[in-house]
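These notes are about the structure you will find just below.
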Amino acid sequence: MTSELDIFVGNTTLIDEDVYRLWLDGYSVGDAVALRVRSGILEQTGATAAVLQSDTMDHYRTFHMLERLLHAPPKLLHQLIYQIPPSRQALLIERYYAFDEAFVREVLGKKLSKGTKKDLDDISTKTGITLKSCRRQFDNFKRVFKVVEEMRGSLVDNIQQHFLLSDRLARDYAAIVFFANNRFETGKKKLQYLSFGDFAFCAELMIQNWTLGAVGEAPTDPDSQVDDMDMDLDKEFLQDLKELKVLVADKDLLDLHKSLVCTALRGKLGVFSEMEANFKNLSRGLVNVATKLTHNKDVRDLFVDLVEKFVEPCRSDHWPLSDVRLFLNQYSASVHSLDGFRHQALWDRYMGTLRGCLLRLYHD
Amino acid sequence: MPGKLKVKIVAGRHLPVMDRASDLTDAFVEVKFGNTTFKTDVYPKSLNPQWNSEWFKFEVDDEDLQDEPLQITVLDHDTYSANDAIGKVYIDIDPLLYSEAATVISGWFPIYDTIHGIRGEINVVVKVDLFNDLNRFRQSSCGVKFFCTTSIPKCYRAVIIHGFVEELVVNEDPEYQWIDRIRTPRASNEARQRLISLMSGELQRKIGLKVLEMRGNAVVGYLQCFDLEGESGLVVRAIGTACTLDKLSSPAAFLPACNSPSKEMKEIPFNEDPNPNTHSSGPSTPLKNQTYSFSPSKSYSRQSSSSDTDLSLTPKTGMGSGSAGKEGGPFKALLRQQTQSALEQRGGSPHRFCRRREFPFFTLTAFPPGFLVHVGGVVSARSVKLLDRIHNPAFVGIMSNTRSYKLLDWNSFNSDEPETRDAWWAEIRQEIKSHAKALGCHAVVGYSESTSICEEVCILSASGTAAVLNPRFLQDGTVEGCLEQRLEENLPAGCGFCHIPYDELNMPFPAHLTYCYNCRKQKVPDVLFTTIDLPTDATVIGKGCLIQARLCRLKKKAQAEANATAISNLLPFMEYEVHTQLMNKLKLKGMNALFGLRIQITVGENMLMGLASATGVYLAALPTPGGIQIAGKTPNDGSYEQHISHMQKKINDTIAKNKELYEINPPEISEEIIGSPIPEPRQRSRLLRSQSESSDEVTELDLSHGKKDAFVLEIDDTDAMEDVHSLLTDVPPPSGFYSCNTEIMPGINNWTSEIQMFTSVRVIRLSSLNLTNQALNKNFNDLCENLLKSLYFKLRSMIPCCLCHVNFTVSLPEDELIQVTVTAVAITFDKNQALQTTKAHVEKSLQRASTDNEELLQFPLELCSDSLPSHPFPPAKEHLESASSNSGIPAAQRATSVDYSSFADRCSSWIELIKLKAQTIRRGSIKTTVTVEKTSPMGEGNFRNRSAAPCANSTVGVVKMTPLSFIPGAKITKYLGIINMFFIRETTSLREEGGVSGFLHAFIAEVFAMVRAHVAALGGNAVVSYIMKQCVFMENPNKNQAQCLINVSGDAVVFARESELEVVSTQQPAANCQPACTGGEVTT
């Protein structure tokens, strides 16, 4: 006796959250059944393995049929075929677009291309995430990227509107898209200590302050080249950053800056002497990062540079985070007192964001 | 030209890409009704076209309005080649034809293609302007309301229940026409869909005409079925109960009862007056006692001549009363008198009985209180027919001149063609009627008909519950509740229906009678089987449960007559065993009555399957069931003995456990109170030893312990062993779960509002190697049990919950395939029942209050099976004693005295009897008839607030579907019309669509979606009495092909939450009550 056909169709589509998770995690039906058996569900419900097998198959089939709709979540809301309560729809979408921290760290900042997709095998082996799940997550990134790539307006809003994600998840996707678009390097060994959350935090700050959309310069000419308002860094701004060079190139200015900072921080900083000794190096590092951002290559290496030039020196001197904060605050504020420096607004736009990023990046 | 149909095509969305080059579609729409077609403009390059067309107007006869569906086809415009069809929408406009229902159909309909499934949606608005036509000879029956619901619809009141209406129409099946060889599968499927739609429309119109002739205005319990007979054609048939319904003014009033009884009296002036009744079932003819006498008016003469070609092996094997029904000439009169007088007594005054209806059948399964007086038992009849044996001149003629699948002129051939099928059914119905009479009943309730077809063999089945009805409802229809008081004077509430309607001295079958455990005045049988729902006022102890008997029998493959013979030889054995199984399982559950009994016999190439489902309950009025005793054949063998006693212990344990599980703890009754002068009928407890050669020389052995009779199973071979084992293998549902196949679960009445309707289908392939009856039985049993287990597991999140209206359908699509389809609804309930009870009391007192007017309502009986003068009710019926011990009738049918050792003996004698009978039966058809279990009348009782459960708040905006006639926690405020849809889906890329499971899963989901869309377009938010009548699945994996036909129906309704009705301000509970409200579907 073999089962040829075995289906269950409810007027309200039944969604089992546990099975959905297993499906999303890319387990085969067999593996999923084994995992469910291990969870002790048979003992709880008095069911048999055959029942579990049939149930799992059925849910997998349902999910498979729903997957097409999940690729364009608004379709899931408007379709008539599966009657699903709104909360369940939200859950389906949210879970489908959720991703693994380990996975996203691997592909963050990489080009979402076929080439990267080929590397998913390795990522799967490395992270222990099934290849199927890797593919789903990668395809999600790519799909979201494709849809919002050409759109104007707020990146987060666009993502939310077209994928109906929660605010939290939409922000994460905005970060992923932003990183993929700017190809920030995140995979270097010295960046391994950083979490996705760290990068997402930085991405949000950068989107808010360093992109075209950030300054509210909606292009009046619809044919203008600058369509991707939230995706691309403001080229003009990056160009302008060269002007900051003077802060380290002009020795007087540099000295003045240093003395201002030291005066203000004397006695307040546990690591004052180290700071004093390192000030010029640190300042040169931060300003040089800014001036190099006109080159794509250097944009990509932004995080590598920040870690190398700032985080690591401070960390080797064992600065506590509170001292880093005090220093950065004073470091950016003191510039306002430099009479010979004319680019205050530019400095604030740059340093305001950078300060936030650095504080987030500064941990073990 | 009494009608104008107006259609507007608004927009489309989610259309498929039809032009690969542009990834877009140039869509336009064809709107067709009858022979008129309109087209919209092409809306270029869009997947979401906005046509916003003008109003397309069709001027048509109302006859066409009823028959024809509106056909909307969406196409992709192609400049160079033929336009590609994207898909179609069929809209049944019948709901627009009667006043109270929907006024407009407007909404998004899924665009359906038989090859690709749903491909986008289209927004359509449909209206009808109907001009009144007073033509008496009209062919249309606009305005007659149809309900699938098998009870009086919730917001109506029955003024009169007129009775049975039936009709059938026949055409050839487009799939089997010569043209099918050259046309595409899509064209063929669409031809079929359209034809069936057309035939259903016509059928409904004809039924409507009959109802109008009876002066009714509605059909309740409308059941329409298709018989796909293959080469010999396509039969669409329908049965229903004609009623005159009155809309209740206030939907809030649950039992408006007799508030204004005078009104309907005026409206329905003595309906027994000679209606100008030209109804085809003919003027009343005196009832004949012979089963096969037909009223001349129906032109059966033709049938009898043509039936020479039929086979004539017709063992008429009654389950019990079959035999009695035949021969019992003398006592019949007595029975009739009693029935008559029983009615008389209630009626209060002598009436002139007017028998206008040929068949006093009712498709209803639930009734207004007081309607049902006594229940006699289940009556059923089956008949095996050969389909290729039709030599109907009319049919042949049609075959030759119908080259297109367009419908023919129905008037010309309708009168002749369906006659054969009509005659077949008439025969069966006659049979049923005579069985009912044998049980002293003049009516059959819970009546249904079905067929099973395999190749050219067809089994026709009909079953129902013989009953005595209160004449009042048949005529003046008075209203729920009015009669209660009076009935209670005569029959204490909750047990009246159990009292036997037949004469104790001349019982149609051996039964064990006792005094009613409730009122102690009248006799009741020991077990009661019925096809109806539990009456609302029946007194039940504990909860009920689903009981199934499952059975397979191998048969040799054979052709035509040989095949039919083989089948009809097997049928009685199957009926017998199914009955035995039911009885055993009932006892094992410690219960004494079955409701909603449905026995399905399915015929396949090489086997027969029997599946009986029913809901077991413990009726307080009936005696406590005895246990089951096991007896070994060889008592000397020590180890064997031990084994037996072990089994016995297991059985006893199971019974005890079940009693606990279902909370069956009837009050102990002392002997004195019962005062039983009733002698224990012997045969119930006797044990037939295997050495006995015939039932006459039975060695009797009293195994009964105390008063309670034991049910003895003798284990003498492996077969019997298997049977006992299988009894014990039925696993009870996990805790928190209950299941039943009736509308509501006896013993639970505090439903909450969460419901989940579902359909589950399983097909198993049997390994052809070891096909034995035992292996088959085991496979089938496992299939059903596993299916149930899966359901319990899947729905575990709803605990505590009950699976209601569990409906199993078995089919045998191929040699080694068994397909089981289950549709049911899971309803959650609240464990705390306190609130309910108080509510029930209030309602009851309300009912009482309304009884005062009742005296006013005295009308003659309309439905009554004969015209004898009335007698006063013999008040001393119960004096008759000890009548039941006459055992001349073969005991095989006796439910209670089954033992396996003597089975063979009894069968042989039984078969002899059958043979004798067969000779007396006119040659002409193969027929097996089975009748009767037993029964008694139903009281009225527990469940008065089946739909009055308090329920959690919840939102609307979704379309609920349920096989029940109500929605828990909500009131139905409006019926919008019947939904009756037929779909075909075919694929030539089965693997790509996820194999057979993926294919069927998607199709059923699509069917649900289309039903919901139609309901939403009518302005409704639920489908009640939903039923999947057919799910025919065929596959050919080698060719990567599959095809499936599905037929569903139900009533579209608008419901409002009770909380919303009470409190005007309804908050919109959002995400927190999710489980209660289904789906985020947008139904605009």
Check: What is the residue count in the range B:984-1022 for residues that are touching a helix residue (DSSP H, G or I) at 6+ places or on another chain (Cβ under 8 Å) and more than 9 Å from chain A (Cβ to nearest Cβ)?
Finding: 10
Next item on the list: Looking only at the range B:197-216, count how many residues are part of a helix (DSSP H, G or I), farther than 23 Å from B:Phe983 by Cβ and over 22 Å from the mean Cα position of the chain (by Cα).
Entry: 3
Next item on the list: Kindly indicate whether A:Glu43 is modelled with pLDDT under 90 and either within 10 Å of chain B (Cβ to nearest Cβ) or within 27 Å of B:Phe793 (Cβ to Cβ) (or both).
Entry: yes
Margin query: So, in the range B:535-585, how many residues would count as being within 30 Å of B:Leu622 (Cα to Cα) and assigned to a helix (DSSP H, G or I)?
Written below: 14
Next item on the list: Output yes when any residue across the range B:524-531 is surrounded by fewer than 24 Cβ atoms within 10 Å (Cβ to Cβ) and touching a residue at least 12 places away in the same chain (Cβ under 8 Å), and no when none is.
Entry: yes
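Rundown of residues vs (1) closer than 16 Å to B:Ile744 by Cα; (2) out of contact with any Cys (no Cβ under 7 Å at 6 or more places or on another chain); (3) at pLDDT below 90, yes/no style:
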| position | (1), (2), (3) |
| --- | --- |
| B:Leu795 | no, no, no |
| B:Leu803 | yes, yes, no |
| B:Leu817 | no, yes, yes |
| B:Thr821 | no, no, no |
| B:Asp830 | yes, yes, yes |
Note to self: Among the listed residues A:Gly352, A:Gly270, A:Gly340, identify the single one that is within 27 Å of A:Thr186 (Cβ to Cβ) and surrounded by fewer than 19 Cβ atoms within 10 Å (Cβ to Cβ).
What the structure shows: A:Gly352
Item checked: Filtered residue count, the range B:746-780, keeping only those that are more than 9 Å from every other protein chain (Cβ to nearest Cβ) and either among the β-branched types (Val, Ile, Thr) or touching a helix residue (DSSP H, G or I) at 6+ places or on another chain (Cβ under 6 Å) (or both) -> 6
Next item on the list: Just name the residue that is nearest to A:Ala72 (Cα to Cα) out of those in the range A:153-174 that are surrounded by fewer than 17 Cβ atoms within 10 Å (Cβ to Cβ) and charged (D, E, K, R).
Entry: A:Asp157
Next item on the list: Check A:Lys268, A:Lys280, A:Lys258 and return the single one that is part of a helix (DSSP H, G or I), closer than 26 Å to A:Asp317 by Cα and over 33 Å from the mean Cα position of the chain (by Cα).
Entry: A:Lys258
Next item on the list: Give the range A:63-81 a look and list any residue that's crowded, with 19+ Cβ neighbours inside 10 Å and facing chain B (nearest Cβ under 10 Å), or say none.
Entry: A:Leu76, A:Gln79, A:Leu80, A:Ile81
Margin query: Being under 31 Å from the mean Cα position of the chain (by Cα), under 19 Å from B:Arg192 (Cβ atoms) and either within 14 Å of chain A (Cβ to nearest Cβ) or of a type in the set (Ser, Thr, Tyr) (or both) is the filter here; which residues of the range B:80-109 pass it?
Written below: B:Val89, B:Tyr90
Notebook entry, point to check: Inside the range B:1-42, can you point out the residues that are in a strand (DSSP E or B) and β-branched (Val, Ile, Thr)?
Noted result: B:Val7, B:Ile9, B:Val10, B:Val29, B:Val31, B:Thr36, B:Thr37
Checklist line | Failed item, numbered, when A:Ala90 is tested on (1) of a type outside the set (Lys, Arg); (2) touching a Phe, Trp or Tyr at 6+ places or on another chain (Cβ under 6 Å); (3) within 14 Å of another protein chain (Cβ to nearest Cβ) | finding: (2)
Item checked: Filtered residues of the range B:185-223 (kept if under 18 Å from B:Arg237 (Cα atoms) and of a type in the set (Ser, Thr, Tyr)) -> B:Ser197, B:Ser200, B:Tyr222
Note to self: Go through the range B:782-806 and report how many residues are surrounded by 20 or more Cβ atoms within 10 Å (Cβ to Cβ), away from chain A (no Cβ under 11 Å) and not hydrophobic (A, V, I, L, M, F, W, C).
What the structure shows: 1
Checklist line | Restricting the range B:74-90 to residues that are among the β-branched types (Val, Ile, Thr) and surrounded by 20 or more Cβ atoms within 10 Å (Cβ to Cβ), the residue that is nearest to B:His1014 (Cα to Cα) | finding: B:Val89
Checklist line | Checking A:Glu17 against (1) away from every other protein chain (no Cβ under 11 Å); (2) within 22 Å of A:Ala170 (Cβ to Cβ); (3) surrounded by fewer than 16 Cβ atoms within 10 Å (Cβ to Cβ), the condition it does not meet | finding: (1)
Next item on the list: Could you tell me whether B:Ile160 is surrounded by fewer than 24 Cβ atoms within 10 Å (Cβ to Cβ) and among the hydrophobic types (A, V, I, L, M, F, W, C)?
Entry: no
Next item on the list: Mind listing whichever residues of the range A:175-193 are closer than 12 Å to A:Arg300 by Cα and surrounded by fewer than 22 Cβ atoms within 10 Å (Cβ to Cβ)?
Entry: A:Asn181, A:Asn182, A:Arg183, A:Glu185, A:Gly187, A:Lys188
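The values are calculated or read from the model by the stated rules, or taken from the named source; none is laboratory data. Keep in mind the model is a prediction, meaning the values are calculated, not measured. Because the Cβ atoms are built from the backbone with ideal geometry, glycine has one as well, and the counts that use them run over all protein chains shown.
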